[in-house]
Amino acid sequence: RYEPTWGSLDARPLPAWFDEAKFGVFIHWGVFSVPSFGSEWFWWYWQKEKREPYVKFMDTNYPPGFSYEDFGPLFTAEFFDPNQWADILKASGAKYVVLTSKHHEGFTLWGSKYSWNWNAVDVGPKRDLVAELAISVRNRTDLHFGLYHSLFEWFNPLFLEDATNAFNTSKFPTSKSLPELYEIVTKYQPEIIWSDGDGNAPDTYWNSTGFLAWLYNDSPVRDTVVTNDRWGAGSICAHGGFYTCNDRYNPGHLLPHKWENCMTIDRSSWGYRRDARLRDYLPIEDLVKQLAETVSCGGNLLMNIGPTHDGRIAVVFEERLRQVGSWLKVNGEAIYGTKPWRAQNDTVTPGVWYTFSPKGGKVNAIFLNWPVSGILELGEPQAKLGETQVKLAGYRELLKWVALGEKGMVIALPQLTPQQMPCQWGWTLQLTDVD
């Protein structure tokens, strides 16, 4: 059994499925999807920081005295079709999904007993959005279902009172935050608890170790659940299951501890925003690059989308997810279930990232630029005459190559028309019997 100490909890092995999965989809959805302007931090930027664009937006478009709470009934979700969402998630090639059950605004997407009149069952959709998505994902896909949960809430009076008392009182975690965590685990049995928002309070205030000890010892998901590292000030990148370290974390080198790169397709926001331009969305080439870099360095990629207040996954997000899925159909062997190789990227040719497939003993070289010459030089793998074989994922014939001894090898790529290309953005060479 695990003790409620970091020493004990950190010794728990991470369930193997998470490292094998490699790719997940993050979904930021809540009352902030109603103004859908600027950022999911809308309430904070408008009311607390009084940032000019937010204040002006409200003054221009809403009557005087309109409060953030008034957005609640406008969060309607009338087009939310959990089966359609599940089908898009499946088509993306993701192996897990993480839904925001509650962001820093405190609004819960399930009918929480601890969030009276500020939840999706009492206000707005009048639906248990968490339950509906969980059921569809489990019935229609093989994805693992996970939930994001914010520990603190910007404007909750109990939290503000505790903060005024320098967190020497703990009214908020005992009456709100912790009961919610126990509630979502018991009710929905998520296999990921993605904690966030410590409000600068230490883990002792949140009783994070007490909750995690219960989660790992006695909860219905004790054998399969994975957690992140955001459990109180000072725990990030130091304690918990996998490390996130910071948003959009992509170190570019191998790390000793399992980590995750959580990032957004919209460069500027996690929630949906109506004021986004096409240039604000990462193109598929960038997403493939992030996936290859992240996995080669031992990480998982968690790619975020923000649905609309009426429950749609915007077409631009759906397109990106389906593009990643089509790329993974061809190159998935170089991603799923792989381990980091002895080198993460190539020393001679930039834009080449390596992974290792233990099953077939293959070294995968994912290259992001197709050379004009049709010749690809790799400085890392050392080929063996008469033994080494080189294959292009999605192409039948074996490729010709020349060994350069300790300086690597040179590979002749096939001459293909655009129609014959196995995929359009990044390709995988599968090398067997190389040193």
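A few notes on this one:
- Arg51 - accessible surface, heavy atoms, 1.4 Å probe, Å² rounded to 10: 100
- For the range 339-432, the share of accessible area belonging to carbon and sulfur comes to 52 percent (1.4 Å probe, ligands and nucleic acids excluded).
- Virtual spin-label span in nm between Glu387 and Glu319, 7 Å along Cα→Cβ: 4.8
- Heavy-atom accessible surface of the range 6-334: percent carbon and sulfur, 1.4 Å: 51
- log₁₀ of I(q)/I(0) at q = 0.09, 0.13 Å⁻¹ - the chain, Debye sum with one point per alpha carbon: -0.61, -1.13
- With a simple spin-label model that places each label point 7 Å from the Cα along the Cα-to-Cβ direction, the separation between Thr347 and Phe79 comes to 5.3 nm.
- Degrees, to the nearest 10: 52-61 long Cα axis against longest axis of the chain: 60
- Within the range 47-75, backbone nitrogen closer than 12 Å to the virtual label 7 Å beyond the Cα of Ser268 toward Cβ: 53-54
- Efficiency of FRET between Asn139 and Trp116 - r from beta-carbon atoms, R0 35 angstrom, step 0.05: 0.70
- Top positive-direction residue, dipole computed over the chain with Cβ charges, set Asn117, Tyr96, Tyr395: Tyr395
- The calculated Kirkwood hydrodynamic radius for the range 148-230 is 13.1 Å, given to one decimal from all distinct C-alpha pairs.
- Mean separation of Cα contacts under 8 Å, 6 or more apart, over the residue count of the range 6-334: relative contact order %: 25
- Between Tyr182 and Cys237, the simple label model (points 7 Å from Cα in the Cβ direction) yields a spacing of 3.4 nm.
- Cross-link partners of Lys384 among lysines (Cα-Cα below 26 Å; sequence separation of 8 or more within a chain): Lys339, Lys359, Lys362, Lys400, Lys407
- Considering only beta bridges that DSSP places wholly inside the chain, some 50 percent are antiparallel.
- For His253, the accessible surface of its heavy atoms amounts to roughly 100 Å² (probe 1.4 Å, protein chains only, rounded to the nearest 10).
- Look at the dipole of the range 6-334 built from charges on Cβ: of Val137, Phe71, Trp44, the Cα furthest out on the positive end belongs to Val137.
- Its residue count N fixes a reference of 2.2 N^0.38 Å for the range 339-432, and the Cα radius of gyration divided by that reference is 1.00.
- In the complete set of protein chains, residue-level accessible area for Glu318 is approximately 50 Å², probe 1.4 angstrom.
- On Cα atoms only, tilt of 82-91 relative to the major axis of the chain in degrees: 20
- Where the range 6-334 is the region considered: accessible area per residue in Å², 1.4 Å probe: 37
- Accessible surface ranking that places the most exposed of Cys262, Cys237, Cys245 first, with a 1.4 angstrom probe: Cys237, Cys245, Cys262
- Loop exposure criterion: chymotrypsin sites (Phe, Trp or Tyr not before Pro), DSSP state outside H, G, I, E and B, at most 13 other Cβ atoms within 10 Å. Applied to the chain, the longest stretch between such sites is 117-435.
- Compared with the dominant Cα axis of the chain, that is its longest principal axis, helix 178-188 is turned about 60°.
- From helices alone, the chain scores -7000 deg cm²/dmol at 222 nm; the rule is -39500 (n - 2.57) for each run of n ≥ 4 DSSP H residues, then divide by the residue total.
The values are calculated or read from the model by the stated rules, or taken from the named source; none is laboratory data. Given the structure is predicted, the values throughout are model-derived calculations rather than measurements. A quick note on method: Cβ atoms are made from the backbone with ideal geometry, for glycine too, and the neighbour counts reach across all protein chains shown. The protein model used for the area step is the full one, side chains on, heavy atoms only, and it has no ligands, DNA or RNA in it. Shrake-Rupley method; radii C 1.70, N 1.55, O 1.52, S 1.80 Å.
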